[in-house]
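The values are calculated or read from the model by the stated rules, or taken from the named source; none is laboratory data. Just so it is clear, the structure is predicted and the values come from calculations on it, not from any experiment. A quick note on method: Cβ atoms are made from the backbone with ideal geometry, for glycine too, and the neighbour counts reach across all protein chains shown.
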Amino acid sequence: MEKGSNGLRERLLARLPKPENLAAYQEETASLLAKHEKAIWWDKWSFRILSYCAMALWFLCASDWGQTLAHRASVGLWSAFGLMLIGAVSTGLQYFINRSKVEILKEVKQVQLQVLELQASLRRDDEV
């Protein structure tokens, strides 16, 4: 059991960037976080649009105008509302999960950058 955990530890430590590459790693991290923020932005707006469409269909189905339609059209409206509601809920869950992932990623990257800055300053102190 101990051998397996040491192997995993070594692989994880091997993936860490070197303190000499701190500026490049900061740029890479900034671009990665910007890409994730853009994806979250699209998730948030698709959730909002689907939610507004589901609300509009709900009001249409529940209104007097929706009740005066033929029974078949009314069933179609309720089916569309159900599908829109399922889409809005699943998109909302996706948005909240992805937002949480990106917040955790930001925290981890911030800690990594702090560790790299500390390692770089320690190496500079050792060289002097």
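Some notes on this structure:
- Meets criteria (under 31 Å from the mean Cα position of the chain (by Cα) and either part of a helix (DSSP H, G or I) or modelled with pLDDT of 75 or more (or both)) for residue 33: yes
- For segment 57-68, the set of residues classified as in contact with a Leu (Cβ under 7 Å, 6 or more places away or on another chain) and at pLDDT 60 or above consists of 57, 60, 61, listed by residue number.
- Scan of segment 97-128 for residues that are surrounded by fewer than 14 Cβ atoms within 10 Å (Cβ to Cβ) and either within 30 Å of residue 52 (Cα to Cα) or among the aromatic types (Phe, Trp, Tyr) (or both), ordered by number: 97, 100, 101, 103, 104
- Exactly one residue among 115, 108, 89 is modelled with pLDDT of 85 or more and farther than 30 Å from residue 56 by Cβ, and that residue is 108.
- Checking 46, 79 one by one, the residue that is in a helix (DSSP H, G or I), modelled with pLDDT of 90 or more, out of contact with any Leu (no Cβ under 7 Å at 6 or more places or on another chain) and of a type in the set (Ser, Thr, Tyr) is 46 and no other.
- Figure legend. Inter-residue proximity from segment 105-122: first residues of a type in the set (A, V, I, L, M), second residues modelled with pLDDT of 85 or more and in a helix (DSSP H, G or I), beta-carbon distance below 6 Å, spacing 6+ or different chains. No pairs are indicated.
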